[in-house]
Amino acid sequence: MSLRTLNDKERKIIDRLLQGDFPGRDQIHEQVKNSKVEVIDSDGSLKFHLKNKGVEKAPVEFVIPVEARGKDCDGIGISLLLHVYDGLLIELEIFRDDEKNVICLDVLSLETFCNQESKGI
């Protein structure tokens, strides 16, 4: 397991996801600043490891409070899901609709959505 800080592209993705207004956004932003990450798949999905366990929990209503959709350079859809469990950021999941590997991800083209459908834990 290799832990590190976010690189520039990952930081831009997180910033894009946290642009919207949803419950827990500010706490998640603080958790990101107090985390190291580990890449968990070839698409760039990340597991977050909090450096300070005393951070404020995010009062989110959903396990996935925010997500983004975009297109890979070949036109196939890409989803980015921010996972929060028990108020703590745990994962950024990135995947293509056809389950192949992401080729290129244009952060500026991502549309973000605050989840309003399924209750979290």
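A few comments on the model shown:
- For region 18-58, the set of residues classified as within 15 Å of Leu3 (Cβ to Cβ) and among the aliphatic types (A, V, I, L, M) consists of Val32, Val37, Val39, Ile40, Leu46, Leu50, listed by residue number.
- Contact map, region 44-60: residues that are touching a residue at least 40 places away in the same chain (Cβ under 8 Å) and within 21 Å of Pro23 (Cα to Cα) paired with residues that are of a type in the set (Lys, Arg) and in a loop (DSSP other than H, G, I, E, B), Cβ distance under 6 Å, separation 6+ or inter-chain. No pairs are found.
- Among the residues of region 1-25, those that are assigned to a helix (DSSP H, G or I) and acidic (Asp, Glu) comprise Asp8, Glu10, Asp15.
- Each residue in region 11-25 was checked for being closer than 21 Å to Gly87 by Cα and in contact (Cβ under 8 Å) with a residue 60 or more places away in the chain, and 9 pass.
- Within region 61-102, the only residue that satisfies the criterion of being under 19 Å from Gly20 (Cβ atoms) and of a type in the set (Lys, Arg) is Arg69.
- Looking only at region 64-81, and only at residues there that are farther than 11 Å from Leu105 by Cβ and either among the charged types (D, E, K, R) or buried (at least 18 other Cβ atoms within 10 Å of the Cβ) (or both), the one that is farthest from the chain's Cα centre (by Cα): Asp74
Every number in this text was worked out from the coordinates using simple rules, so none of it is lab data. Keep in mind the model is a prediction, meaning the values are calculated, not measured. In this analysis, Cβ positions are derived from the backbone assuming ideal geometry, glycine residues included, and neighbour counts consider all displayed protein chains.
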